[in-house]
Ligand SMILES: [Fe+2]
(Lines give C-alpha, C1' and ligand atoms only; values in the text may rest on other atoms or scores of the structure.)
Protein backbone atom coordinates (compact mmCIF):
# COMPACT_ATOMS: atom_id res chain seq x y z
CA UNK A 1 0.00 0.00 0.00
CA UNK A 2 1.68 3.13 -1.26
CA UNK A 3 -0.18 6.25 -2.18
CA UNK A 4 -0.37 10.00 -1.90
CA UNK A 5 -3.41 12.15 -1.39
CA UNK A 6 -4.04 15.84 -1.73
CA UNK A 7 -7.23 17.81 -2.11
CA UNK A 8 -6.57 21.52 -1.61
CA UNK A 9 -10.13 22.73 -2.28
CA UNK A 10 -11.69 24.71 0.55
CA UNK A 11 -15.27 23.55 1.00
CA UNK A 12 -18.01 25.90 2.21
CA UNK A 13 -21.07 23.68 2.68
CA UNK A 14 -24.61 24.34 3.84
CA UNK A 15 -27.97 25.93 3.17
CA UNK A 16 -27.54 29.64 2.47
CA UNK A 17 -23.80 29.43 1.80
CA UNK A 18 -24.28 31.15 -1.58
CA UNK A 19 -24.15 34.43 0.35
CA UNK A 20 -20.48 33.69 1.12
CA UNK A 21 -19.54 33.52 -2.57
CA UNK A 22 -18.32 37.12 -2.79
CA UNK A 23 -16.03 36.81 0.19
CA UNK A 24 -14.69 33.47 -1.13
CA UNK A 25 -13.96 34.88 -4.59
CA UNK A 26 -12.52 38.19 -3.38
CA UNK A 27 -9.52 36.37 -1.89
CA UNK A 28 -8.51 35.39 -5.44
CA UNK A 29 -9.56 38.19 -7.76
CA UNK A 30 -11.54 41.32 -8.52
CA UNK A 31 -13.00 40.54 -11.92
CA UNK A 32 -14.73 37.21 -12.32
CA UNK A 33 -15.74 35.28 -15.39
CA UNK A 34 -19.10 33.92 -14.23
CA UNK A 35 -19.85 30.78 -16.24
CA UNK A 36 -23.44 29.51 -16.36
CA UNK A 37 -25.53 26.98 -18.29
CA UNK A 38 -28.88 27.14 -20.01
CA UNK A 39 -30.54 29.85 -17.92
CA UNK A 40 -32.21 28.11 -14.97
CA UNK A 41 -29.97 30.05 -12.56
CA UNK A 42 -31.44 33.25 -13.99
CA UNK A 43 -35.02 32.03 -13.83
CA UNK A 44 -34.79 30.91 -10.20
CA UNK A 45 -32.87 33.94 -8.91
CA UNK A 46 -29.60 32.15 -8.10
CA UNK A 47 -27.66 34.21 -10.65
CA UNK A 48 -28.91 37.50 -9.21
CA UNK A 49 -28.02 36.45 -5.66
CA UNK A 50 -24.57 35.30 -6.77
CA UNK A 51 -23.87 38.61 -8.51
CA UNK A 52 -25.16 40.57 -5.51
CA UNK A 53 -22.81 38.67 -3.20
CA UNK A 54 -19.88 39.22 -5.59
CA UNK A 55 -20.57 42.93 -6.05
CA UNK A 56 -20.98 43.45 -2.32
CA UNK A 57 -17.45 42.10 -1.91
CA UNK A 58 -16.09 44.37 -4.65
CA UNK A 59 -15.90 41.71 -7.36
CA UNK A 60 -17.13 42.71 -10.82
CA UNK A 61 -18.67 40.13 -13.13
CA UNK A 62 -18.24 39.24 -16.80
CA UNK A 63 -20.79 36.70 -18.02
CA UNK A 64 -20.25 33.57 -20.07
CA UNK A 65 -23.66 31.94 -20.32
CA UNK A 66 -25.03 29.08 -22.37
CA UNK A 67 -22.78 26.17 -21.45
CA UNK A 68 -24.66 23.17 -22.86
CA UNK A 69 -25.06 19.69 -21.32
CA UNK A 70 -22.07 17.62 -22.54
CA UNK A 71 -20.06 20.88 -22.73
CA UNK A 72 -18.32 21.52 -26.01
CA UNK A 73 -14.79 22.46 -26.83
CA UNK A 74 -16.00 25.50 -28.80
CA UNK A 75 -17.73 26.75 -25.62
CA UNK A 76 -14.47 26.37 -23.70
CA UNK A 77 -12.65 28.36 -26.38
CA UNK A 78 -15.36 31.05 -26.31
CA UNK A 79 -15.18 31.39 -22.52
CA UNK A 80 -11.38 31.53 -22.46
CA UNK A 81 -11.47 34.30 -25.08
CA UNK A 82 -13.92 36.34 -23.02
CA UNK A 83 -11.74 35.89 -19.91
CA UNK A 84 -8.61 36.93 -21.82
CA UNK A 85 -10.20 39.92 -23.58
CA UNK A 86 -11.84 41.18 -20.41
CA UNK A 87 -8.82 40.60 -18.19
CA UNK A 88 -10.66 38.34 -15.76
CA UNK A 89 -8.52 37.15 -12.86
CA UNK A 90 -10.80 34.43 -11.46
CA UNK A 91 -13.34 31.98 -12.96
CA UNK A 92 -16.60 30.88 -11.31
CA UNK A 93 -18.57 27.85 -12.50
CA UNK A 94 -22.18 28.31 -11.35
CA UNK A 95 -24.30 25.37 -12.50
CA UNK A 96 -24.27 21.61 -12.95
CA UNK A 97 -21.30 19.42 -13.80
CA UNK A 98 -21.18 20.61 -17.39
CA UNK A 99 -20.92 24.25 -16.38
CA UNK A 100 -18.31 23.60 -13.70
CA UNK A 101 -16.25 21.40 -16.02
CA UNK A 102 -16.34 23.97 -18.82
CA UNK A 103 -15.36 26.72 -16.36
CA UNK A 104 -12.39 24.70 -15.14
CA UNK A 105 -11.03 24.07 -18.62
CA UNK A 106 -11.67 27.71 -19.61
CA UNK A 107 -9.53 28.76 -16.63
CA UNK A 108 -6.67 26.63 -17.98
CA UNK A 109 -7.27 27.48 -21.65
CA UNK A 110 -6.67 31.16 -20.84
CA UNK A 111 -2.97 30.29 -20.49
CA UNK A 112 -2.80 27.48 -23.03
CA UNK A 113 -1.08 28.35 -26.29
CA UNK A 114 -2.29 25.48 -28.49
CA UNK A 115 -5.68 23.89 -29.18
CA UNK A 116 -7.21 23.18 -25.73
CA UNK A 117 -8.28 19.73 -27.01
CA UNK A 118 -4.61 18.74 -26.59
CA UNK A 119 -5.19 18.90 -22.82
CA UNK A 120 -8.02 16.34 -22.98
CA UNK A 121 -7.30 12.58 -23.20
CA UNK A 122 -8.19 11.28 -26.64
CA UNK A 123 -5.71 8.53 -27.34
CA UNK A 124 -2.75 10.80 -28.12
CA UNK A 125 0.72 9.59 -27.16
CA UNK A 126 1.75 12.72 -25.31
CA UNK A 127 -0.88 14.52 -23.31
CA UNK A 128 -0.35 18.20 -22.78
CA UNK A 129 -1.77 18.44 -19.30
CA UNK A 130 -2.44 21.99 -18.19
CA UNK A 131 -0.04 23.28 -15.54
CA UNK A 132 -1.58 26.68 -14.96
CA UNK A 133 -5.10 28.03 -14.61
CA UNK A 134 -6.86 31.10 -13.29
CA UNK A 135 -8.20 30.50 -9.76
CA UNK A 136 -11.41 28.45 -10.02
CA UNK A 137 -14.45 28.74 -7.74
CA UNK A 138 -17.29 26.24 -8.08
CA UNK A 139 -20.94 26.61 -7.10
CA UNK A 140 -22.91 23.46 -7.97
CA UNK A 141 -26.65 23.74 -8.60
CA UNK A 142 -27.08 19.98 -8.99
CA UNK A 143 -25.91 17.05 -6.85
CA UNK A 144 -24.16 14.75 -9.29
CA UNK A 145 -20.65 15.01 -10.66
CA UNK A 146 -18.62 16.02 -7.64
CA UNK A 147 -16.72 18.29 -10.00
CA UNK A 148 -16.97 21.06 -7.41
CA UNK A 149 -14.24 19.49 -5.29
CA UNK A 150 -11.98 17.62 -7.67
CA UNK A 151 -9.40 18.26 -10.37
CA UNK A 152 -11.27 16.64 -13.26
CA UNK A 153 -13.35 17.90 -16.16
CA UNK A 154 -15.13 16.23 -19.08
CA UNK A 155 -15.38 17.98 -22.44
CA UNK A 156 -16.90 17.01 -25.80
CA UNK A 157 -15.17 17.75 -29.09
CA UNK A 158 -18.16 18.22 -31.34
CA UNK A 159 -16.02 18.10 -34.48
CA UNK A 160 -14.63 14.63 -33.80
CA UNK A 161 -17.63 13.36 -31.76
CA UNK A 162 -15.34 12.53 -28.86
CA UNK A 163 -16.08 13.10 -25.19
CA UNK A 164 -13.24 12.70 -22.77
CA UNK A 165 -11.62 13.97 -19.60
CA UNK A 166 -8.70 15.88 -18.17
CA UNK A 167 -7.38 15.60 -14.62
CA UNK A 168 -4.70 18.08 -13.55
CA UNK A 169 -3.67 19.61 -10.25
CA UNK A 170 -4.22 23.18 -11.46
CA UNK A 171 -7.91 22.36 -12.02
CA UNK A 172 -8.64 21.90 -8.31
CA UNK A 173 -11.06 24.67 -7.40
CA UNK A 174 -9.72 27.06 -4.78
CA UNK A 175 -13.13 27.12 -3.11
CA UNK A 176 -16.31 25.09 -3.57
CA UNK A 177 -19.39 26.91 -2.31
CA UNK A 178 -21.90 24.10 -1.95
CA UNK A 179 -25.39 25.29 -1.05
CA UNK A 180 -27.98 22.47 -1.18
CA UNK A 181 -30.78 25.06 -1.34
CA UNK A 182 -29.70 25.74 -4.93
CA UNK A 183 -30.85 22.24 -5.90
CA UNK A 184 -34.47 22.46 -4.71
CA UNK A 185 -35.76 23.37 -8.17
CA UNK A 186 -33.99 20.48 -9.94
CA UNK A 187 -36.73 18.28 -11.50
CA UNK A 188 -37.16 14.63 -10.42
CA UNK A 189 -35.55 13.10 -13.52
CA UNK A 190 -32.39 15.23 -13.30
CA UNK A 191 -32.25 14.56 -9.55
CA UNK A 192 -32.41 10.81 -10.25
CA UNK A 193 -29.70 11.01 -12.93
CA UNK A 194 -27.47 12.87 -10.46
CA UNK A 195 -28.02 10.17 -7.85
CA UNK A 196 -27.10 7.50 -10.40
CA UNK A 197 -23.99 9.47 -11.35
CA UNK A 198 -22.76 9.84 -7.79
CA UNK A 199 -23.40 6.17 -7.01
CA UNK A 200 -21.55 5.15 -10.16
CA UNK A 201 -18.53 7.23 -9.11
CA UNK A 202 -18.09 4.97 -6.12
CA UNK A 203 -19.10 1.68 -7.75
CA UNK A 204 -16.35 2.27 -10.33
CA UNK A 205 -13.64 2.29 -7.66
CA UNK A 206 -15.41 -0.40 -5.61
CA UNK A 207 -15.36 -2.85 -8.51
CA UNK A 208 -12.28 -1.69 -10.43
CA UNK A 209 -9.85 -0.83 -7.65
CA UNK A 210 -7.04 -2.92 -6.22
CA UNK A 211 -7.67 -5.63 -3.62
CA UNK A 212 -7.33 -5.13 0.12
CA UNK A 213 -8.99 -1.74 0.66
CA UNK A 214 -11.46 -2.41 3.50
CA UNK A 215 -11.78 1.22 4.56
CA UNK A 216 -12.37 2.35 0.98
CA UNK A 217 -14.99 -0.40 0.60
CA UNK A 218 -16.87 0.85 3.65
CA UNK A 219 -16.64 4.47 2.45
CA UNK A 220 -18.11 3.47 -0.91
CA UNK A 221 -20.85 1.39 0.71
CA UNK A 222 -21.67 4.33 2.99
CA UNK A 223 -22.08 6.64 0.01
CA UNK A 224 -24.25 4.11 -1.85
CA UNK A 225 -26.49 3.36 1.15
CA UNK A 226 -26.87 7.06 1.97
CA UNK A 227 -27.75 7.94 -1.63
CA UNK A 228 -30.24 5.05 -1.74
CA UNK A 229 -31.87 6.20 1.50
CA UNK A 230 -32.05 9.94 0.84
CA UNK A 231 -32.18 10.03 -2.96
CA UNK A 232 -35.79 8.81 -3.21
CA UNK A 233 -36.81 11.40 -0.57
CA UNK A 234 -35.24 14.21 -2.60
CA UNK A 235 -37.05 12.94 -5.69
CA UNK A 236 -40.41 12.58 -3.91
CA UNK A 237 -40.19 16.08 -2.45
CA UNK A 238 -37.67 18.42 -4.05
CA UNK A 239 -38.22 20.94 -1.27
CA UNK A 240 -37.11 18.55 1.48
CA UNK A 241 -34.03 20.45 2.68
CA UNK A 242 -32.51 17.57 4.58
CA UNK A 243 -32.83 15.16 1.65
CA UNK A 244 -31.29 17.73 -0.70
CA UNK A 245 -28.42 18.32 1.73
CA UNK A 246 -27.70 14.61 2.27
CA UNK A 247 -27.69 13.91 -1.46
CA UNK A 248 -25.52 16.95 -2.14
CA UNK A 249 -22.99 15.90 0.48
CA UNK A 250 -22.99 12.36 -0.92
CA UNK A 251 -22.19 13.72 -4.38
CA UNK A 252 -19.25 15.77 -3.04
CA UNK A 253 -17.83 12.84 -1.09
CA UNK A 254 -18.35 10.38 -3.95
CA UNK A 255 -15.70 11.99 -6.12
CA UNK A 256 -13.54 14.31 -4.05
CA UNK A 257 -10.96 11.56 -3.72
CA UNK A 258 -11.64 10.19 -0.23
CA UNK A 259 -13.43 7.08 -1.44
CA UNK A 260 -10.82 6.45 -4.13
CA UNK A 261 -7.62 6.98 -2.08
CA UNK A 262 -5.16 4.20 -2.82
CA UNK A 263 -7.60 2.21 -4.94
CA UNK A 264 -5.93 3.01 -8.29
CA UNK A 265 -9.39 2.68 -9.78
CA UNK A 266 -10.32 2.56 -13.45
CA UNK A 267 -13.63 3.95 -14.77
CA UNK A 268 -14.79 1.62 -17.56
CA UNK A 269 -18.50 2.40 -17.13
CA UNK A 270 -17.81 6.12 -17.43
CA UNK A 271 -15.59 5.62 -20.45
CA UNK A 272 -18.29 3.64 -22.27
CA UNK A 273 -21.01 6.13 -21.27
CA UNK A 274 -18.96 9.10 -22.49
CA UNK A 275 -18.96 7.62 -25.97
CA UNK A 276 -22.74 7.16 -25.89
CA UNK A 277 -23.14 10.78 -24.74
CA UNK A 278 -20.78 12.00 -27.46
CA UNK A 279 -22.84 10.30 -30.16
CA UNK A 280 -26.35 10.83 -28.77
CA UNK A 281 -26.11 13.84 -26.42
CA UNK A 282 -27.90 11.94 -23.64
CA UNK A 283 -27.81 12.88 -19.94
CA UNK A 284 -24.67 11.39 -18.38
CA UNK A 285 -26.48 9.89 -15.38
CA UNK A 286 -29.13 8.32 -17.61
CA UNK A 287 -26.44 6.68 -19.76
CA UNK A 288 -24.71 5.36 -16.64
CA UNK A 289 -27.97 3.83 -15.38
CA UNK A 290 -28.06 1.72 -18.54
CA UNK A 291 -24.37 0.82 -18.78
CA UNK A 292 -23.55 0.17 -15.11
CA UNK A 293 -25.84 -2.82 -14.38
CA UNK A 294 -24.97 -4.36 -17.78
CA UNK A 295 -21.28 -3.92 -17.05
CA UNK A 296 -21.73 -5.38 -13.55
CA UNK A 297 -23.25 -8.58 -14.96
CA UNK A 298 -20.27 -8.92 -17.28
CA UNK A 299 -17.66 -8.21 -14.59
CA UNK A 300 -19.36 -10.44 -12.00
CA UNK A 301 -18.60 -13.48 -14.15
CA UNK A 302 -14.88 -13.11 -13.51
CA UNK A 303 -15.14 -11.77 -9.94
CA UNK A 304 -18.25 -13.14 -8.23
CA UNK A 305 -16.89 -12.64 -4.70
CA UNK A 306 -16.68 -8.89 -5.13
CA UNK A 307 -20.24 -8.66 -6.38
CA UNK A 308 -21.44 -11.06 -3.70
CA UNK A 309 -19.96 -8.68 -1.11
CA UNK A 310 -21.88 -5.83 -2.76
CA UNK A 311 -25.11 -7.87 -2.62
CA UNK A 312 -24.57 -8.72 1.03
CA UNK A 313 -23.56 -5.30 2.29
CA UNK A 314 -25.87 -3.12 0.19
CA UNK A 315 -28.96 -5.32 -0.01
CA UNK A 316 -28.48 -7.55 3.02
CA UNK A 317 -28.49 -10.77 0.99
CA UNK A 318 -27.25 -13.92 2.72
CA UNK A 319 -24.30 -15.60 1.02
CA UNK A 320 -23.99 -19.39 0.78
CA UNK A 321 -20.22 -18.90 0.37
CA UNK A 322 -17.96 -15.90 -0.45
CA UNK A 323 -18.09 -16.60 -4.19
CA UNK A 324 -21.89 -16.94 -4.29
CA UNK A 325 -22.61 -16.12 -7.93
CA UNK A 326 -26.38 -16.34 -7.44
CA UNK A 327 -26.33 -13.76 -4.66
CA UNK A 328 -24.03 -11.59 -6.79
CA UNK A 329 -26.57 -11.73 -9.62
CA UNK A 330 -29.45 -10.96 -7.29
CA UNK A 331 -27.57 -7.92 -5.93
CA UNK A 332 -27.16 -6.54 -9.44
CA UNK A 333 -30.87 -7.16 -10.15
CA UNK A 334 -31.78 -5.22 -7.03
CA UNK A 335 -29.44 -2.40 -7.92
CA UNK A 336 -31.00 -2.14 -11.36
CA UNK A 337 -34.47 -2.22 -9.79
CA UNK A 338 -33.47 0.66 -7.51
CA UNK A 339 -32.38 2.72 -10.51
CA UNK A 340 -35.69 1.98 -12.22
CA UNK A 341 -37.61 2.86 -9.06
CA UNK A 342 -36.18 6.39 -9.03
CA UNK A 343 -37.02 6.88 -12.71
CA UNK A 344 -33.74 6.09 -14.47
CA UNK A 345 -33.72 4.25 -17.78
CA UNK A 346 -31.96 0.88 -17.73
CA UNK A 347 -32.15 -0.06 -21.42
CA UNK A 348 -30.52 1.59 -24.43
CA UNK A 349 -33.87 1.54 -26.24
CA UNK A 350 -35.24 3.94 -23.60
CA UNK A 351 -32.53 6.37 -24.74
CA UNK A 352 -33.50 5.70 -28.36
CA UNK A 353 -30.17 3.99 -29.01
CA UNK A 354 -30.20 0.92 -31.24
CA UNK A 355 -27.58 -1.61 -32.26
CA UNK A 356 -26.34 -0.03 -35.49
CA UNK A 357 -23.26 1.68 -33.99
CA UNK A 358 -22.22 -0.79 -31.26
CA UNK A 359 -18.89 -1.48 -32.98
CA UNK A 360 -18.19 2.21 -33.33
CA UNK A 361 -18.91 2.88 -29.63
CA UNK A 362 -16.50 0.08 -28.68
CA UNK A 363 -13.78 1.38 -31.02
CA UNK A 364 -14.14 4.93 -29.77
CA UNK A 365 -14.04 3.86 -26.12
CA UNK A 366 -10.84 1.88 -26.52
CA UNK A 367 -9.21 4.49 -28.74
CA UNK A 368 -9.65 7.21 -26.13
CA UNK A 369 -8.19 5.16 -23.29
CA UNK A 370 -6.43 1.79 -23.34
CA UNK A 371 -3.72 -0.16 -21.54
CA UNK A 372 -0.56 -1.51 -23.16
CA UNK A 373 -2.54 -4.44 -24.63
CA UNK A 374 -5.04 -2.12 -26.26
CA UNK A 375 -7.79 -2.98 -23.75
CA UNK A 376 -10.11 -0.65 -21.84
CA UNK A 377 -8.69 -0.51 -18.27
CA UNK A 378 -10.85 -2.05 -15.54
CA UNK A 379 -11.42 -5.36 -13.79
CA UNK A 380 -11.42 -7.18 -16.08
CA UNK A 381 -9.81 -5.12 -18.87
CA UNK A 382 -12.20 -5.09 -21.84
CA UNK A 383 -11.72 -5.74 -25.52
CA UNK A 384 -13.93 -4.11 -28.13
CA UNK A 385 -15.82 -7.41 -28.29
CA UNK A 386 -16.48 -7.27 -24.55
CA UNK A 387 -17.82 -3.72 -24.82
CA UNK A 388 -20.13 -4.72 -27.66
CA UNK A 389 -21.33 -7.69 -25.60
CA UNK A 390 -22.15 -5.45 -22.62
CA UNK A 391 -23.96 -2.88 -24.74
CA UNK A 392 -25.87 -5.58 -26.63
CA UNK A 393 -27.07 -7.00 -23.32
CA UNK A 394 -28.50 -3.55 -22.51
CA UNK A 395 -30.43 -3.03 -25.73
FE1 LIG B 1 -19.95 10.73 -13.70
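The values are calculated or read from the model by the stated rules, or taken from the named source; none is laboratory data. What you are looking at is a predicted structure, and each value in this text was computed from that prediction instead of being measured. Cβ sites come from the backbone with ideal geometry, for glycine too, and all protein chains shown count toward neighbours.
Details
- Condition check for residue 226: on the phi < 0 side of the Ramachandran plot, at pLDDT 95 or above, surrounded by fewer than 21 Cβ atoms within 10 Å (Cβ to Cβ) and more than 16 Å from the ligand (Cβ to nearest atom): yes
Okay, residues lined up against (1) under 21 Å from residue 146 (Cα atoms); (2) part of a strand (DSSP E or B); (3) touching a strand residue (DSSP E or B) at 6+ places or on another chain (Cβ under 6 Å):
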| position | (1), (2), (3) |
| --- | --- |
| 1 | no, no, no |
| 11 | yes, yes, yes |
| 21 | yes, no, yes |
| 37 | yes, no, yes |
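- Residues in the range 351-375 that are under 27 Å from residue 198 (Cβ atoms), in contact (Cβ under 8 Å) with a residue 12 or more places away in the chain and surrounded by fewer than 15 Cβ atoms within 10 Å (Cβ to Cβ): 352 alone.
- Residue match in the range 288-297 (condition: assigned to a loop (DSSP other than H, G, I, E, B), surrounded by fewer than 24 Cβ atoms within 10 Å (Cβ to Cβ), more than 14 Å from the ligand (Cβ to nearest atom) and not assigned by TED's automatic domain parsing to the domain that holds residue 161): no
Here is a yes/no grid of residues against (1) over 19 Å from residue 185 (Cβ atoms); (2) crowded, with 20+ Cβ neighbours inside 10 Å; (3) more than 13 Å from the ligand (Cβ to nearest atom); (4) in the same structural domain as residue 365 (by TED's automatic domain parsing):
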position: 233; (1), (2), (3), (4): no, no, yes, yes
position: 237; (1), (2), (3), (4): no, no, yes, yes
position: 242; (1), (2), (3), (4): no, no, yes, yes
position: 254; (1), (2), (3), (4): yes, yes, no, yes
position: 268; (1), (2), (3), (4): yes, yes, no, yes
position: 276; (1), (2), (3), (4): yes, yes, no, yes
position: 280; (1), (2), (3), (4): yes, no, yes, yes
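- Among the candidates 191, 183, 160, residue that is more than 16 Å from the ligand (Cβ to nearest atom) and surrounded by 20 or more Cβ atoms within 10 Å (Cβ to Cβ): 183
- Residues that are within 12 Å of the chain's Cα centre (by Cα) and either touching a residue at least 40 places away in the same chain (Cβ under 8 Å) or within 16 Å of the ligand (Cβ to nearest atom) (or both) are absent from the range 120-139.
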